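What follows is a single structure, written as structure tokens, with notes after it.
The values are calculated or read from the model by the stated rules, or taken from the named source; none is laboratory data. Note that the structure is a prediction, hence the values are computed from the model and not measured. Cβ sites come from the backbone with ideal geometry, for glycine too, and all protein chains shown count toward neighbours. In case anyone asks, the SASA skips ligands and DNA or RNA and just uses the protein heavy atoms, side chains included. Shrake-Rupley method; radii C 1.70, N 1.55, O 1.52, S 1.80 Å.
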Amino acid sequence: MAVLVLLNTYPVWLLQRSVFTGKHTSLSGQASFLAGELSLDGINPERVGWIMEILYEKVPEADRVTVCAADGLVVYDSAPISRQTGRYFVSQDVLAALSGQDIFRSAFQNEVFVSQMTVPIIVYGKVTGVLHISQYDSEQGKILLDLHTNLLMASFVIFLIALMLGLMISVMLTQRFTEFLKTIGIFSAGNYDYSMPVRGKGEMAEMAGKLNHLAEILKQTESSRQQFVADASHELKTPLASMKLLADSILQTPDMPQELIREFISDIGDETDRLSHMTETLLRLSKAEALGRQNTVIELAVVIRRAVRMLLPLAAGAEVELRCVLDDGCRIMGNEDDLYQIVFNLLDNAVKYNNSGGQVIVSCSGQDDKVCITVKDSGAGIPQKDLPSIFERFYRVDKARSRETGGTGLGLSIVAHITERMNGEISVESEFGAGSEFTVFFPSASP
Ligand code: ADP
């Protein structure tokens with residue numbers, strides 16, 4: 001609308017101004033010429049009429065010429081109806097001209113340009129009269145009016161087109177936004193299988209794509225949450241059920257031997273230990289998933305040696321040899337406790353799932369911009385089919401053995417989570433019955 005208003009006013013104003021300037025130039029030229037001619041003779045009423053009859057044709061643009069003496073008495077008027085004598089012409093312009101000024105006025109009125117030029121007639125430096133020229137230009141007025149009308153029509157057409165386009169775009173946008181709102185409503189209701197149609201290119205399509213992606217992430221999170229709750233309750237149910245069974249057996253057998261009662265109660269104690277170990281590990285896992293830990297430069301060899309020292313008694317008990325092949329100077333950015341947890345869990349498994357007389361070798365080395373930690377054991381190994389699942393929560397390959405060793409199926413999932421958070425990668429190679437090798441890569445922090 002602002003552009004249209006400007007389009008309708010500015011060119012008209014510009015044309016009007018140029019017409020005024022043109023009029024000023026031409027009328028002031030003609031007025032000066034006439035005033036000059038009249039000043040030769042002075043304001044002599046008999047001679048003025050006669051001179052003006054001759055000169056009038058030389059000022060074709062003047063529609064009316066009036067000459068009056070210094071007292072305002074009209075001595076000549078080209079308009080036939082006003083040619084009476086004894087008439088005075090006094091106006092502001094006449095008074096200003098009598099004081100020696102040239103006065104020009106022009107206005108666009110009733111479709112006509114009305115211009116007036118008033119100049120003094122000076123004889124020997126003295127103002128003896130005033131010459132007044134008026135002009136009524138309807139031709140230029142018509143041009144201005146035509147321009148205005150054409151601009152108005154063009155503006156109307158532009159307005160209609162803009163209105164139609166605006167309506168179309170707003171309808172399209174509203175439809176799209178309605179779709180977005182509908183989709184968000186569907187996702188909020190928990191239906192993540194719905195996918196918003198992605199049409200064309202541009203921001204809208206990108207937004208639709210991103211919304212669908214968000215739904216996929218929500219779906220994965222929701223399903224892993226459900227899986228976690230199901231797994232956790234299942235895992236917690238088993239020791240609780242066996243505890244209840246043991247307690248019921250004691251209660252329902254009145255003459256149970258003291259020995260057996262002690263054995264059952266000791267079993268209940270074991271299950272309680274297992275439960276508390278599991279809840280502790282679950283807490284650690286939820287911590288591992290939480291962000292916001294402080295990162296520092298960590299020396300791998302130092303952390304690995306600390307974990308090895310902690311596990312030496314366990315290894316000795318299981319008659320497993322624990323060896324280190326560590327390159328000093330391998331550094332990463334991260335949290336020391338996190339790294340300790342990774343190494344500890346891998347070594348713990350390597351010892352737990354080993355055979356008596358077996359071996360565990362933990363090494364660390366750097367290559368290019370990466371460092372790696374390898375934990376290799378000569379133990380039970382993992383069947384190929386289980387390899388993709390061992391990093392899942394509560395996944396245990398050999399349930400019986402894992403139970404024996406107090407395993408919860410959470411150790412490797414903690415390792416995977418922390419590794420991912422530290423921008424690392426973990427891989428495993430294993431041959432069932434021959435041993436396994438876990439390798440964790442981290443971006444190096446060494447210069
Ligand atoms: P757990 O608490 O049962 O040890 P983990 O998540 O640490 O749970 O390991 C998952 C499963 O992967 C274990 O139950 C075990 O069967 C298998 N596993 C892990 N590490 C080894 C290894 N070094 N050798 C053989 N099996 C392993």
> Which GluC sites (Glu not before Pro) in the stretch 171-256 pass both tests, a DSSP loop state and at most 10 other beta-carbon atoms within 10 Å?
Replying inline: none
> Pulled fully out, how much extra length does the chain show between residue 207 and residue 305, if you take 0.36 nm times their separation in residues and subtract their Cα-Cα distance?
Replying inline: 30.3 nm
>> If I model a spin label at residue 168 and residue 337 as a point 7 Å from the Cα along the Cα→Cβ vector, what separation in nanometres do I get?
In response: 6.3 nm
> If you plug each phi of the stretch 429-434 into the Karplus form 6.51 cos²θ - 1.76 cosθ + 1.60 with θ = phi - 60°, what whole-Hz ³J(HN,Hα) values come out, in order, with x for Gly and Pro?
Replying inline: 10, 8, 10, 4, x, 10
> Mind checking which aspartates and glutamates have their C-alpha under 16 Å from residue 142, skipping anything on the same chain fewer than 8 residues away?
Replying inline: 111
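Leaving out ligands and nucleic acids, and using a 1.4 Å probe, what accessible area per residue does the stretch 278-388 come to in Å²?
Working: 5590 Å² over 111 residues.
About 50 Å² of surface per residue is accessible.
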>> Please compute the length gained on full extension between residue 221 and residue 146, using 0.36 nm multiplied by the number of residues separating them and subtracting their Cα-Cα distance.
In response: 20.0 nm
> Assuming a viscosity of 1.306 mPa s and a temperature of 10 °C, what translational diffusion coefficient in µm² per second does Stokes-Einstein assign to the chain, Rh being the Kirkwood radius over Cα pairs?
Replying inline: 49 µm²/s
> Of 201/370; 244/385; 237/352, which sit over 32 Å apart, Cα to Cα?
Replying inline: 201/370; 244/385
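If r is the Cβ-Cβ distance from residue 241 to residue 270 and R0 is 22 Å, what FRET efficiency results, to the nearest 0.05? Could you put the intermediate results ahead of the total?
Values: r = 14 Å, r/R0 = 0.65.
Taking R0 as 22 Å, the efficiency between residue 241 and residue 270 is 0.95.
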> Out of the DSSP beta bridges found with both residues in the chain, what percent are antiparallel (nearest 5)?
Replying inline: 90 percent
>> Nearest 10 degrees is fine. How inclined is helix 138-188 to the longest principal axis of the chain, computing both from alpha carbons?
In response: 10 degrees
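Under the 0.36 nm per residue contour assumption, what length would be gained going from the current alpha-carbon distance of residue 157 and residue 90 to full extension?
Working: separation 67, 0.36 × 67 = 24.12 nm, distance 5.02 nm.
Gain on stretching residue 157 to residue 90: 19.1 nm.
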> Once the Cα atoms of helix 336-352 and of the chain are each reduced to a long axis, what angle between those two axes, in degrees from 0 to 90 to the nearest 10, is obtained?
Replying inline: 30 degrees
>> In the stretch 358-401, whose amide N lies under 17 Å from the spot 7 Å out along Cα-to-Cβ of residue 420? List them in ranges.
In response: 388-395
>> If you count only protein heavy atoms and use a 1.4 Å probe, how large is the accessible surface of residue 296, to the nearest 10 Å²?
In response: 70 Å²
> Could you give the distance between the Cα centres of the stretch 280-354 and the stretch 59-76, to the whole Å?
Replying inline: 114 Å
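Taking R0 as 51 Å, what's the FRET efficiency between residue 314 and residue 259 from their Cβ-Cβ distance, rounded to 0.05? Each step should come with its number before you reach the end.
Working: r = 30 Å, r/R0 = 0.60.
Rounded to the nearest 0.05, the efficiency is 0.95.
Where nothing but the Cβ of Lys and Arg (+1) and of Asp and Glu (-1) is charged, how large is the charge dipole of the chain around its Cα centre, in debye to the nearest 20? Each step should come with its number before you reach the end.
Numbers: 39 positive and 54 negative charges, 191 e Å.
Computed charge dipole of the chain: roughly 920 debye.
Taking every DSSP beta bridge that has both residues in the stretch 270-377, what percent is antiparallel when rounded to the nearest 5?
65 percent
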> For the chain, modelled as a GNM with alpha-carbon contacts under 10 angstrom, which of 354, 110, 335 fluctuates the most?
Replying inline: 110
> How big is the gap, in Å, between the Cα center of the stretch 120-178 and the Cα center of the stretch 183-240?
Replying inline: 61 Å
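Can you give the helix-only mean residue ellipticity at 222 nm for the chain, where every DSSP H stretch with n ≥ 4 adds -39500 (n - 2.57) and the sum goes over all residues, rounded to the nearest 500 deg cm²/dmol?
Numbers: 10 runs with 243 residues, N = 447.
That comes out to -19000 deg cm²/dmol.
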>> Can you tell me the orientation of helix 300-317 relative to the chain, as the angle in degrees between its alpha-carbon axis and the longest Cα principal axis, to the nearest 10?
In response: 30 degrees
>> Can you tell me which lysines have their Cα less than 25 Å from the Cα of residue 58? Leave out same-chain residues fewer than eight positions away.
In response: 23
> the stretch 100-189: which chymotrypsin sites (Phe, Trp or Tyr not before Pro) are DSSP loop and have at most 10 other beta-carbon atoms within 10 angstrom?
Replying inline: 124
>> Straight-line reach from residue 182: which lysines fall under 19 Å, measuring Cα to Cα and dropping same-chain residues less than 8 apart?
In response: 210, 219
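Given a Förster radius of 51 Å and the C-beta distance between residue 55 and residue 4 as r, what FRET efficiency does 1/(1 + (r/R0)^6) yield to the nearest 0.05? Mind showing how you got there, number by number?
Numbers: r = 49 Å, r/R0 = 0.95.
After rounding, the FRET efficiency stands at 0.55.
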